[in-house]
Amino acid sequence: MQRKMKMVRIYIMGKEYRVPEGLTIMKAMEYAGYRYIRGAGCRAGFCGACATVYRKEGDYKLYADLACQTTVEDGMYLVQLPFTPANKAIYDLEKIKADDKTLVNFYPEIARCVSCNTCTKACPQELDVMDYIQASLRGDIAKAAELSFDCIQCGLCALRCPAEIVHYHVAQLARRLYGKYLAPKAKHLEKRVKEIEEGKFDAELKKMMKKSIEELRKMYNARDIEPEEEMPTESD
Amino acid sequence: MQLANIQGEKMEIAYYPGCTLKTNAKEFEESTIEAFKKLGIELKELNKWYCCGTVYSLATDNLMYRLAAIRNLIKVKEEGYDKVVTLCSICYNTLKQANLMAQQDEEAMYKINSFMDEEPDYHGEVEVLHPLEILKGMEEKIKENVVKPLNKKYAVYYGCLLLRPKEVAIDEYENPSVMEKLVEMLGGSVVNFPFKNECCGAYNVVSDREAVVERCYRIVGNARKNGADAIVTSCPLCHFNLSEMQKEIKKTDFVGLPIYYFSQLMVEAFGGRKCKEK
Amino acid sequence: MDLLAKVEELSGENLYACYQCGKCSAGCPMVDQMDLLPNQVILYVIRNDESVVEAKTPWICAQCYQCGTRCPRNVDITKIMEALRLIKLRKNIDYLKIGKVKKNLPQIAVVSATRKYTG
């Protein structure tokens, strides 16, 4: 005999539904009959497409999370935010400089940050969002890049910000500037790219191109896997 | 002040930099840290700090703009200090005014503390200091360290925010003398300078640049007429307005002056790097 | 709420204390750029003359506190200027488009401008 499912009450855009306990918000909405056209992607907490906000009964806080990663609770009031309107600065990474004014020049609204910390509280990735905006304001690109590294661009910070900052775009520029101009170069990579360009592996590649899928599969399964090691840095 | 009595032994004090000290006013930060080290005081930068919000918000109900200042003071407390020193005049003014509010306005602090529910409560436990206040009582120690006395004439420029509102003034608000005394201790001489506590135009440089160019013309021009070789200040925005706007003055009778932070003069007199002549 | 009441509420100042001596205007470093003298601003507000909200003076004020510090009647005019700015800013009317300002200004200037010129 099938075990009876325990049900919880949730409110989707104000309407009450009963859904099985233990579902994620995303699955609960589908159970209730909603179909995702936008606002769903990887369903695994990586793509940032399913930003959601909700309140719980008797609690003043407005919670922000990813619908695919959060389990429904009894008495949850929720809504999906399929999209965050946000302006992205237009730049040519090859032509811009990484200095202490770059971020505030492209996104002067970061100067409006009042340190209310609402962005940090809203971040489903638990990043120190306010801290990276503050680092951006004072021109510390490396710190902004580091603190925002795990950002999945769900947009919840930008929707909650009273200063109307678009945090994740600022962070993306910081990471791009960091990657292009500030991070220590991986010398082994440069060397390998040069070798490829010089045709060092052409013969081997040609040989592989002639092989059948079966042979390739066999080769792939028997390949050597390099042990993971620390990336060499400039000081090495 | 308690701090000033500490002679000889090494001491440490929390340091709140502010955004501009990490960018345009890097030389202000470096020279102050260096000069204070000579005097046996180590300025320890806070691990976490946030833009103070610059200009203090004045509306009775605008607590949102005071969050940043209070959050910084909480960080000072959290990191185990009871005093914090900040170099920039605007940061000083904002942190100090916010701290006064924290000490006096219970209702405002109830709101702020409940809003910042992720932080411990704050009620004004920290003391906000400007380096010039600390230097006030260190006359002997300063003189001891002078190895290359300054030999120029300086116009000392306080601007507004070290002196006003008077509740946060680091000195007598209409006729301060702490910076003059410092310059003289360092071997320099001081000229009369009626503009010393007049505003440089501040953030008008963003919206009305011409107005600030005009202020710069009058302030720097007057310092020059009074025989100064340079102007000394403590504010990164005064520094920017008085130095950068000189380049935009079109009047032919104008001859500019170099602008220094007081700490750069200290470093020079203590035998360190000389101030750039311009 | 009329203009006077609104300004009094936002600033916390008693504008009727002003006796129009003009000391605030005498000491104001930005007065050359203004379209109304600081003491005139008080007069306009007392008369509930809404045109003062459109004046340039509150936006030229650099919040240097000279007026309030010297006022013999202890009226903090600096706060009155802030109240007048907020009347506009709180209606979502910015004085300055922050995206259009000159690049490479020091952070201290840009942050100040956002606080005083944008809502």
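Quick note: the coordinates plus some simple rules give every number you see, no bench work behind them. All figures in this text were calculated on a predicted structure; none of them were measured in a lab. All Cβ positions, glycine included, derive from the backbone under ideal geometry; neighbour counts span all protein chains shown.
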Spherically averaged projected area of chain C from its Cα convex hull (nm²): 7.4
Whole-Å semi-axes of the protein assembly as shown's equivalent ellipsoid (Cα gyration tensor): 50, 35, 24
Spacing of the two label points (7 Å from each Cα toward its C-beta) at residue B:11 and residue B:255, in nm: 4.4
Charge dipole (debye, nearest 20) of segment B:146-269; +1 at Cβ of Lys and Arg, -1 at Cβ of Asp and Glu: 320
The protein assembly as shown - charge dipole about Cα centre, Lys and Arg +1 at Cβ, Asp and Glu -1, debye rounded to 20: 1820
Unit charges at the beta carbon, dipole of segment C:3-117: most positive-side option, C:72, C:10, C:40: C:10
Computed [θ] at 222 nm, helices only, for chain A once each DSSP H run of length n ≥ 4 contributes -39500 (n - 2.57): -8500 deg cm²/dmol
Amide H within-cut-off set for residue B:198, under 5 Å, with H built and near neighbours excluded: B:159
Spatially near lysine pairs across segment C:3-117, Cα under 21 Å, sequence gap of 8 or more or different chains: 26
Rough spin-label spacing in nm, given labels placed 7 Å along Cα→Cβ, for residue A:88 and residue A:198: 3.7
Dipole magnitude of segment C:3-117 about its Cα centre (Cβ charges: Lys, Arg +1; Asp, Glu -1), debye to nearest 20: 500
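Within a Cβ distance under 12 Å of residue B:224, other residues only, what is the Lys/Arg minus Asp/Glu net charge? Please list the in-between numbers first.
Working: positive: B:153, B:218, B:225; negative: B:229, B:253.
Residues near residue B:224 contribute +1 overall.
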At 0.692 mPa s and 37 °C, Stokes diffusion of segment A:7-78 via Kirkwood alpha-carbon radius, µm² per second: 270
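Taking K and R as +1 and D and E as -1, what net charge do the other residues with C-beta under 9 Å from the C-beta of residue B:270 add up to?
0
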Hz values of 3J(HN,Hα) by residue in segment C:26-32 - Karplus curve (6.51, -1.76, 1.60), Gly and Pro given as x: 5, x, 6, x, 9, 4, 4
Karplus (6.51, -1.76, 1.60) ³J(HN,Hα), θ = phi - 60°, over segment B:270-276, in Hz, Gly and Pro reported as x: 7, x, x, 4, 6, 5, 5
Straight-distance crosslink candidates among lysines, where the alpha carbon sits under 26 Å from residue B:141 and sequence neighbours closer than 8 are dropped: B:10, B:26, B:37, B:38, B:44, B:83, B:152, B:153, B:181, B:274, B:276
Cut-off under 5 Å, modelled amide H: who pairs with residue B:42 long-range: B:11, B:12, B:13
Cross-link reach list, lysines versus residue A:210, counting only Cα pairs under 19 Å and skipping chain neighbours closer than eight places: A:200, A:218
Potential extension, residue A:55-residue A:99 segment - 0.36 nm per residue separation minus Cα distance: 11.7 nm
Cβ-Cβ FRET estimate between residue B:44 and residue C:4, R0 fixed at 45 Å, reported to 0.05: 0.35
Segment C:33-94 and segment B:61-107: distance between their alpha carbon centers, rounded to Å: 26
Whether segment A:102-182 is rounded, prolate or oblate, judged on the alpha carbon gyration tensor where a/c under 1.5 counts as rounded: oblate
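Under 4 °C and 1.567 mPa s, how fast does segment B:204-276 diffuse according to Stokes-Einstein, given a Kirkwood radius computed over C-alpha pairs? Answer in µm²/s, whole number.
100
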Coil-residue chymotrypsin sites (Phe, Trp or Tyr not before Pro) of segment A:81-132, DSSP, other Cβ within 10 Å capped at 15: A:83, A:91
Hz values of 3J(HN,Hα) by residue in segment A:84-101 - Karplus curve (6.51, -1.76, 1.60), Gly and Pro given as x: 10, x, 7, 8, 9, 5, 9, 8, 10, 4, 5, 9, 8, 9, 9, 10, 6, 10
log10 of Debye I(q)/I(0), alpha-carbon scatterers only, for segment B:48-110 at 0.25, 0.26, 0.28 Å⁻¹: -1.14, -1.23, -1.38
Gyration tensor verdict on segment B:146-269 (Cα atoms; rounded if a/c is under 1.5, prolate if a/b is larger than b/c, oblate otherwise): oblate
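So what's the back-of-envelope 222 nm ellipticity for chain B, counting only DSSP H runs of four-plus at -39500 (n - 2.57) apiece and dividing by all residues, rounded to 500?
On the way: 11 runs with 110 residues, N = 278.
About -11500 deg cm²/dmol.
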Isotropically averaged projected area of chain B, using the convex hull of Cα atoms (one quarter of hull area), nm²: 14.3
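Going by the alpha-carbon gyration tensor, a ≥ b ≥ c the square roots of its eigenvalues, is chain A rounded (a/c under 1.5) or, if a/c is not under 1.5, prolate (a/b greater than b/c) versus oblate?
Oblate, because a/c is 1.5 or more while a/b does not exceed b/c.
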Estimated Rh, segment B:31-146: Kirkwood, alpha-carbon pairs, angstrom: 15.1
FRET efficiency, 1/(1 + (r/R0)^6) with R0 56 Å, evaluated for residue B:167 and residue A:222 via beta carbons: 0.10
Distance (nanometres) between label positions extended 7 Å along Cα→Cβ at residue A:181 and residue C:46: 5.5
